[in-house]
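Working notes for the structure below.
The values are calculated or read from the model by the stated rules, or taken from the named source; none is laboratory data. Only a predicted model underlies this, so the values are computations on that prediction, with no experimental measurement involved. FYI the Cβ positions are ideal-geometry reconstructions off the backbone, even for glycines, and counts take in every protein chain you see.
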Amino acid sequence: MDIQTFVFFFLSAILVFASLRVITARNPVHAALHLILAFFTCGGIWALLQAEFLAIAIILVYVGAVMVLFLFVVMMLDINMDRIREGFWSYLPLGAILGLLMVMEMGLVLGSKYFQVPAAEAMVPAGVSNTKSIGALMFTDFVYPFELASLVLLVGMIAAIVLTHRGSKKSKYTNPNQQVFVKAKDRIRVLQMPVEKD
Amino acid sequence: MFDNFVVPNLLPAAPELFLAAMALFILLVDLVVKDGRRTVIYGLTQLTLLTLIVWRGIPYFRAIFLEQPDAFEALSQITYTFSNMFVIDMMGDLLKLILYMAMSVVLAYSRAYLIEREVMNKGEYYVLALFATLGMMVMISANHFVTIYLGLELLSLALYAMVAMNRDSVASTEAAMKYFVLGALASGLLLYGMSMIYGATGTLEITAVAERLFGGGANRTLLVFGLVFLVSGLAFKLGVVPFHMWIPDVYHGAPTSVTLLIGSAPKLAAFAIVMRLLVSGLFVMVADWQNMLIILSVLSMAVGNLAAIAQTNLKRMLAYSAISHMGFMLLGITTGVVSGDAGNLLNAYSASMFYVIAYVVMTTGAFGMILLMSRAGFEADAIDDFKGLNKRSPWFAAIMLMLMFSMAGVPFFIGFFAKFSVLQAVVAAGYMWLALVAVFFSLIGAFYYLRVVKVMYFDAPVDETPLVAGTNMRLLISANGLAVALLGMFPQVIMSVCAYALLRSL
């Protein structure tokens, strides 16, 4: 076993463990932290496959931005996860059997041939930068999907705003113009009260 | 690095660009227009769709009614652009034209319903509807796995938001949540299938996938493995058994105007991506996917028609009816090739295309009737709400009668010819048993459509008040009902256009 194979299996084991902990951890903060670990490890595996741009992107975007926000929200919300998770473990036996069966079936269909460590078949020739190629493709051949993706993000933004925006709250402020032109009549109302008898 | 790059020809994608620009423009206009009824936004949205209808409709008018050969010639061109990611052919062009019409009618029906419900009548509703239209256009014109997926996401995201827009309703929120989670699952299945096929062929471009497969040498196990996931993902999006569970809940829970949108136009786009992925891309695997589709189709007809009988809610009943109709539509696609002989190809696929178009016309009318009956605070979505409709308004009862007869497949409405042409293709392919199963379940299906008719004509009305609806709505829904009857008298017009479109596209 060469060093690359060892690193691959090492990272994969951490990835599987972290992913499992994401769904089994009782504490949502722990789950989020394990999700960060999973993303980070995934980045490591991609770097091993010489996709260094994707590896950096997942760490910068997911670990750096998305997960920090996520963690922030999870810590702010005081959710009682125990109530939500009631009965969660009772599904475990059936779920585990079904999951194992599916993994076995996929393994039988695809055979051992595809479950090997990806040898670096697609060796990148020296002097070609992965990141630069992705950038070039994105603005030439893939310009149409690229623009569509921006529209998808825009729709996501519109959807988020329309579903959460509950009308602008007017802050209390005074209009100086009205203050200057105010008349005594506007402020004081003289009432005529009939005199009570007896 | 940029040596081989040619700046893409934008002309074939002009309708998409126009629609995207208009949607962005309307989004900005919505910021400055302070109008509670959103008349300006609605007007601009309709203007966009009507412009597209006239723009793309004129060539068809010239070709079909004026019989100008050069118009035919121009329509039957197949053009690729954006590095072969975008294709425009006659099938796509025709489906898009019908899509614009369907969306325009859908929004017109929804107008009064939205005005009565303040919380939904926002400018974003119309903008999201336009983006959903754009997503469907992208799907129809896709020649690349990535564009199919992005179009699908654009459509789905807009729809999830529209279902959830009625925020105060628990049912709508629940429906949106279910739709979102199951839609994400379906997208995952589709993507997994696509990645497997990419692994086997080394390309994401649909026409290139077909070429590699014709060339042979691709790993068959991997292909079949990917195909299973691809078909499952498509089945989810079409809503056929066993991937149908989201349909009844989403149709029922969503506000009726959104149900109308989900139930009509997206079926055209779903048909288009089935054709692009399975027929254009994986035609070599036809024997494999035809068998899968037969199972899906028979199950859908059985479950859809049987479960619809038990429903008391009209929206839910129409949801099960949608499942059965999609199963029927798939029958046509399953019979294109019989034991290696592709003689029945054109016949079968054009029957399916005709079926999908007919279904969109009928379902738009049926949900339109629910919208017509509804008032502020009253949804009119129970079958009992249609009791004695004949006494309240004989004309609209007659329209609903035509729509229900057409959906049931009673002769001389468009639904009959749609069913008939699919059955003809099935029999021509030699699947006698399949045709018998389809007829059997259609007969069962006729029961629940006729029940609606019986309720309208023979039950005493609960609510004696006459219907209140705007003139536009009355005219449009009458036109829709009459279209079901008239197209039933001249079905060959649409049928031959479908056949010609597929002849020139495949």
- Task: For residue B:21, indicate whether it is on the phi < 0 side of the Ramachandran plot, modelled with pLDDT of 95 or more and under 27 Å from the mean Cα position of the chain (by Cα).
- Result: yes
- Message: Can you confirm whether residue B:433 is touching a Lys or Arg at 6+ places or on another chain (Cβ under 9 Å), more than 17 Å from residue B:312 (Cβ to Cβ), part of a helix (DSSP H, G or I) and not polar (S, T, N, Q)?
- Response: no
- Taking segment B:157-203 and keeping only residues that are aromatic (Phe, Trp, Tyr) and under 21 Å from the mean Cα position of the chain (by Cα), one is left with B:160, B:179, B:180
- segment A:131-178: number of residues that are under 30 Å from residue B:10 (Cβ atoms) and either away from chain B (no Cβ under 12 Å) or touching a Cys at 6+ places or on another chain (Cβ under 7 Å) (or both): 1
- For residues that are of a type in the set (S, T, N, Q) and assigned to a helix (DSSP H, G or I), scanning just segment B:333-361, find the one that is surrounded by the fewest Cβ atoms within 10 Å (Cβ to Cβ). B:347
- Per the list (1) within 29 Å of residue B:83 (Cβ to Cβ); (2) within 13 Å of chain A (Cβ to nearest Cβ), residue check on residue B:28 breaks on (1)
- Query: Does segment B:162-172 contain at least one residue that is in contact with a His (Cβ under 9 Å, 6 or more places away or on another chain), modelled with pLDDT under 95, under 24 Å from residue B:313 (Cβ atoms) and more than 10 Å from chain A (Cβ to nearest Cβ)?
  - Reply: yes
- Query: Quick one: how many residues across segment B:132-147 are within 8 Å of chain A (Cβ to nearest Cβ) and either outside any helix (DSSP H, G or I) or without any contact (Cβ under 8 Å) to a residue 60 or more places away in the chain (or both)?
  - Reply: 1
- Could you please give the count of residues in segment B:3-21 that are within 13 Å of another protein chain (Cβ to nearest Cβ) and either surrounded by 14 or more Cβ atoms within 10 Å (Cβ to Cβ) or in a helix (DSSP H, G or I) (or both)? 9
- Which is under 13 Å from the mean Cα position of the chain (by Cα) and away from chain A (no Cβ under 14 Å), of B:266, B:242? B:266
- Is it true that residue B:231 is among the β-branched types (Val, Ile, Thr), in a helix (DSSP H, G or I) and surrounded by fewer than 22 Cβ atoms within 10 Å (Cβ to Cβ)? no
- Pairs, please: C-beta under 9 Å, at least 6 apart or cross-chain, first residue among the β-branched types (Val, Ile, Thr) and in segment B:448-463, second in a loop (DSSP other than H, G, I, E, B)? B:455/B:387; B:455/B:388; B:462/B:387; B:462/B:388
- Flag if residue B:30 is among the charged types (D, E, K, R), surrounded by fewer than 22 Cβ atoms within 10 Å (Cβ to Cβ) and modelled with pLDDT of 90 or more: yes
- Message: It is to be established whether one or more residues within segment B:444-463 are out of contact with any Ser or Thr (no Cβ under 8 Å at 6 or more places or on another chain), surrounded by fewer than 22 Cβ atoms within 10 Å (Cβ to Cβ), of a type outside the set (S, T, N, Q) and farther than 19 Å from residue B:312 by Cα.
- Response: no
- Find the residue count for segment B:93-131, including only residues that are hydrophobic (A, V, I, L, M, F, W, C) and within 14 Å of chain A (Cβ to nearest Cβ). 8
- Go through B:109, B:198 for me and flag whichever is surrounded by fewer than 24 Cβ atoms within 10 Å (Cβ to Cβ) and aromatic (Phe, Trp, Tyr). B:198
- Checking residue B:150 against (1) at the interface with another protein chain (Cβ under 7 Å from one of its Cβ atoms); (2) modelled with pLDDT under 95, which test does it fail? (2)
- Message: Whether any residue in segment B:51-63 is among the charged types (D, E, K, R), assigned to a loop (DSSP other than H, G, I, E, B), within 15 Å of residue B:141 (Cα to Cα) and away from every other protein chain (no Cβ under 14 Å) is what I want to check.
- Response: no
- Query: Looking at segment A:93-130, which of the residues that are surrounded by 12 or more Cβ atoms within 10 Å (Cβ to Cβ) and within 11 Å of chain B (Cβ to nearest Cβ) is modelled with the lowest pLDDT?
  - Reply: A:114
- Note on the structure: When residue B:190 is run through (1) crowded, with 21+ Cβ neighbours inside 10 Å; (2) within 14 Å of chain A (Cβ to nearest Cβ), the failure sits at (2)
- Starting from segment B:74-92, take each residue that is more than 14 Å from every other protein chain (Cβ to nearest Cβ) and touching a residue at least 24 places away in the same chain (Cβ under 8 Å) and list its partners that are of a type in the set (Asp, Glu) and assigned to a loop (DSSP other than H, G, I, E, B), counting only C-beta distances under 7 angstrom and pairs at least six apart or across chains. B:78/B:89
- Note on the structure: Selection from segment B:280-293 of residues touching a Leu at 6+ places or on another chain (Cβ under 7 Å) and assigned to a helix (DSSP H, G or I) yields B:284, B:285, B:288, B:289, B:293
- Query: Among B:413, B:367, which is closer than 19 Å to residue B:112 by Cα, among the aromatic types (Phe, Trp, Tyr) and buried (at least 19 other Cβ atoms within 10 Å of the Cβ)?
  - Reply: B:367
